[in-house]
1. Restricting to segment 332-356, what's the tally of residues that are of a type in the set (Asp, Glu) and more than 21 Å from the chain's Cα centre (by Cα)?
2. Is it true that some residue in segment 414-434 is touching a residue at least 60 places away in the same chain (Cβ under 8 Å), buried (at least 20 other Cβ atoms within 10 Å of the Cβ), touching a strand residue (DSSP E or B) at 6+ places or on another chain (Cβ under 7 Å) and closer than 30 Å to Val75 by Cβ?
3. Out of (1) under 24 Å from the mean Cα position of the chain (by Cα); (2) open to solvent by less than 40 Å² (accessible area, probe 1.4 Å), the odd one out for Gly208 is which?
4. Tell me, yes or no, whether segment 26-42 has at least one residue that is of a type outside the set (D, E, K, R) and modelled with pLDDT under 90.
5. With the requirement that a residue be touching a Gly at 6+ places or on another chain (Cβ under 8 Å) and either over 21 Å from Arg269 (Cβ atoms) or open to solvent by 30 Å² or more (accessible area, probe 1.4 Å) (or both), what does segment 393-409 give you?
6. Only residues that are surrounded by 20 or more Cβ atoms within 10 Å (Cβ to Cβ) and farther than 11 Å from Val192 by Cβ: list them for segment 40-49, please.
7. Evaluate the following for Ala101: is it more than 26 Å from Phe386 (Cα to Cα), modelled with pLDDT of 90 or more, of a type in the set (Gly, Ala, Ser) and crowded, with 21+ Cβ neighbours inside 10 Å?
8. Restricting to segment 82-98, name every residue that is open to solvent by 10 Å² or more (accessible area, probe 1.4 Å) and within 26 Å of the chain's Cα centre (by Cα).
Amino acid sequence: DTVRADRQPQPFVPFSLESRHPADLGGKTLWVPDLSTAARIVVAALRAHDIDARLLPRSPDPALNLARAAIPEDVCVPALYTTEDILYRTRQPDFRPEQEAFFQGNAAGPCRYGMYALLQRRILDHQGLQAVDMVTLGARNLGKNLSVTFSLVVWDALITHDLLDKMLLHTRPYLEEPAAAEAVFERYLEEVCAAIRPHRQLVETVRGKLEIASGRHLARFQEILRRAQADFAALPRRREKRPLVGLIGEFYVRLHDRSNQGIIGKLERGGAEVWLAPVSEFFGYANRIRQELSAHEFHDTHSRQALHQWAFAGFQDRLAVHDEHHLWQAALPYLRGFEEIPPAELIDRGAEFVHPTFGGEAICSMGKAVDFIHRGVDGIVSAIPFNCMPGITVQALSHTLRRRYGNVPFLTIDFDGFVDSGRDSRLASFLAQVRERHEARNGSN
């Protein structure tokens, strides 16, 4: 019932300034894939560091014909969607190959995500677009003035975004007019994006660095969260108690509404409230696991480099948890009971099923599933790409999870970019189980 690995590949390090594939933008426009509303945070953070970043427009073609023509082999659905959007941009009349670049993530280990940038580089080259840069998340030369504070700025803004998103999901299902909650979310998301540049300027000053220990450097974001929770709470709502469904799964698919075919909306229309594993979860995990692996390396080798990495990753982990705690306080009392567990606890809970040295998203999904169960969710959905190895691992382990934790309804849905009515049928059956469990535990509404 436990997955182990004797040899651990280097994990995904989200905001490292080192990469095997550095790219100097040289003033080029950098297009960031539209993963979710969180992508606007990344764009704003890059622009705050004087990089001409923009949100990559989504292709209007639901069949993904550009991507499918360029990729004859089997790939994960996030590769199809990001490739489709990239190729759609290259077909626009105002596209300038010498002045544009595309942003892509980077990873190592069992997940094929680390190959996306190489695949898309090959596709662009094949189409005669050698002048277009592919820039990975860990690019050393992403910008001449991109300093180590970039990770702190992005982290603080992403946590604020995740708390706003949590408020939205905690509010929208109970409104007669769901668009009212979405309008509140949009208004405050724009404020967060506007606050990123002054936040960067603050934390780069001596005063800002001194304020980090007390959390005072977060005042702008805290004030936004306080006003946002008051506005969400003031929206008129129906008096009902809905079953709570936790949504986990592969990072891109669970967050990208086109990849998961609008699963959050389907769950809400089916009568549930959704607790989404946040954008920031895997970033926090990646830094924490880097700290633990560096500690193991130092104990084995006593190398100075491993000691430095261990200390630095440990500092980042403590700072991340520290800032998240202070921002969370500003979201109370509206989000009481919806706090996220720190990365160390996520790993500990996931280690019941996946050994920490295995690495990757499987331990995150299993750790969050256990956390969801302890919080009293009525069901769990795991959204994954078709044929995703970490996702299949979670699906296999979910049977043991159910045996150990009261047979909680657990549904794995895989996505391949095609519409399949069977998915909706399985989701409807799952929701019926969720409602039955909810009524048995809490009584009928």
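1. As a first pass, look at segment 332-356 and keep what is of a type in the set (Asp, Glu): 339-340, 345, 348, 352.
Right, trim to more than 21 Å from the chain's Cα centre (by Cα) and you get 352.
Looking only at that region, the number is 1.
2. Applying the first criterion (touching a residue at least 60 places away in the same chain (Cβ under 8 Å)) to segment 414-434 yields 415-417, 419, 423-424, 427-428, 431, 434.
Those still in the list that are buried (at least 20 other Cβ atoms within 10 Å of the Cβ) too: 415, 417, 431, 434.
Among the residues that remain, those that are also touching a strand residue (DSSP E or B) at 6+ places or on another chain (Cβ under 7 Å) are: 415, 434.
With the extra rule that they be closer than 30 Å to Val75 by Cβ, the set shrinks to 415.
Looking for residues that are touching a residue at least 60 places away in the same chain (Cβ under 8 Å), buried (at least 20 other Cβ atoms within 10 Å of the Cβ), touching a strand residue (DSSP E or B) at 6+ places or on another chain (Cβ under 7 Å) and closer than 30 Å to Val75 by Cβ, one finds at least one in segment 414-434, hence yes.
3. Here Gly208 meets the rest and fails (1).
4. The initial filter retains those residues of segment 26-42 that are of a type outside the set (D, E, K, R), namely 26-27, 29-33, 35-39, 41-42.
Then drop every residue that is not modelled with pLDDT under 90, which leaves 26-27.
Scanning segment 26-42, I find at least one residue that is of a type outside the set (D, E, K, R) and modelled with pLDDT under 90, so the answer is yes.
5. Step one: of segment 393-409, the residues touching a Gly at 6+ places or on another chain (Cβ under 8 Å) are 394, 408-409.
Once the filter is applied, which keeps residues that are touching a Gly at 6+ places or on another chain (Cβ under 8 Å) and either over 21 Å from Arg269 (Cβ atoms) or open to solvent by 30 Å² or more (accessible area, probe 1.4 Å) (or both), segment 393-409 yields Val394, Val408.
6. Val42, Val43, Leu46, Ala48, His49, listed by residue number.
7. Working: more than 26 Å from Phe386 (Cα to Cα): yes; modelled with pLDDT of 90 or more: yes; of a type in the set (Gly, Ala, Ser): yes; crowded, with 21+ Cβ neighbours inside 10 Å: yes.
Taking the combined requirement at face value, the residue satisfies it.
8. Kept after step one, since they are open to solvent by 10 Å² or more (accessible area, probe 1.4 Å), are these residues of segment 82-98: 88-98.
Result: Tyr88, Arg89.
The values are calculated or read from the model by the stated rules, or taken from the named source; none is laboratory data. Here the structure is a predicted model, which means the values were calculated and not measured. When we count neighbours, we look across all protein chains shown, and the Cβ atoms used for this are built from the backbone with ideal geometry, even at glycine. For accessibility, only protein heavy atoms count, side chains too; no ligands or nucleic acids. Shrake-Rupley method; radii C 1.70, N 1.55, O 1.52, S 1.80 Å.
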